[in-house]
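Have a look at the structure below before the remarks.
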Amino acid sequence: TSTAGAVLALKWDGTLAPPAIVGVTAGAGMLSLELQAPAAATLPDFVAQNVAYSLDDGATWVTRDPASLASPLVIDGLTDFTPYRVRVRTVNV
């Protein structure tokens, strides 16, 4: 609210851009995803700070600990010769 009592508002899209998967390497019980981080957001609260992945079509997400946008993203604990549908997203604060 301004001093004159008028309501001021901003509208923005709070959806973060996803990282691009530019390469996949499979190994024994693991996948290594080469990622290209999205462009930086202009508002500080919307800056991507971490990467999360899902192996169950987005029902659950696993984030990196500690947080990082660095490539590659290594997913381990997988079963060899089993197909996986991997979803990747960026997350912020």
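Structure above, values below:
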quantity	calculated
Filter pass, L69 being part of a loop (DSSP other than H, G, I, E, B), open to solvent by less than 80 Å² (accessible area, probe 1.4 Å), modelled with pLDDT of 75 or more and of a type in the set (A, V, I, L, M)	yes
Residue count, region 81-93 (criterion: part of a loop (DSSP other than H, G, I, E, B) and among the aliphatic types (A, V, I, L, M))	2
Extreme residue, nearest to V22 (Cα to Cα), among residues of region 33-58 that are open to solvent by 80 Å² or more (accessible area, probe 1.4 Å) and among the aliphatic types (A, V, I, L, M)	A39
All positions within region 46-66 that are part of a loop (DSSP other than H, G, I, E, B) and of a type in the set (S, T, Y)	T60
Search result, residues across region 81-93 that are touching a residue at least 40 places away in the same chain (Cβ under 8 Å), open to solvent by 90 Å² or more (accessible area, probe 1.4 Å) and closer than 20 Å to G23 by Cα	R89
Cβ pairs under 7 Å, 6+ apart, first in region 44-63 and within 18 Å of T82 (Cβ to Cβ), second of a type in the set (A, V, I, L, M)	Y53/V62; Y53/L73; Y53/I75; Y53/V86; Y53/V88; L55/V86; V62/A52
Test result for L78, part of a loop (DSSP other than H, G, I, E, B), surrounded by 10 or more Cβ atoms within 10 Å (Cβ to Cβ) and within 10 Å of the chain's Cα centre (by Cα)	no
Close pairs from region 3-30: first within 25 Å of V91 (Cβ to Cβ) and at pLDDT below 80, partner outside any loop (DSSP other than H, G, I, E, B) and open to solvent by less than 80 Å² (accessible area, probe 1.4 Å), Cβ under 6 Å, at least 6 apart	L16/T90
Scope region 31-51; condition modelled with pLDDT under 80 and either acidic (D, E) or touching a helix residue (DSSP H, G or I) at 6+ places or on another chain (Cβ under 8 Å) (or both); matching residues	D45
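The values are calculated or read from the model by the stated rules, or taken from the named source; none is laboratory data. What you see is a predicted model; the values in this text were computed from it and never measured. Note: ideal-geometry Cβ built from the backbone for every residue, glycine included; neighbour counts use all protein chains shown. The accessibility values were calculated without ligands, DNA or RNA, using every heavy atom of the protein model including side chains. Shrake-Rupley method; radii C 1.70, N 1.55, O 1.52, S 1.80 Å.
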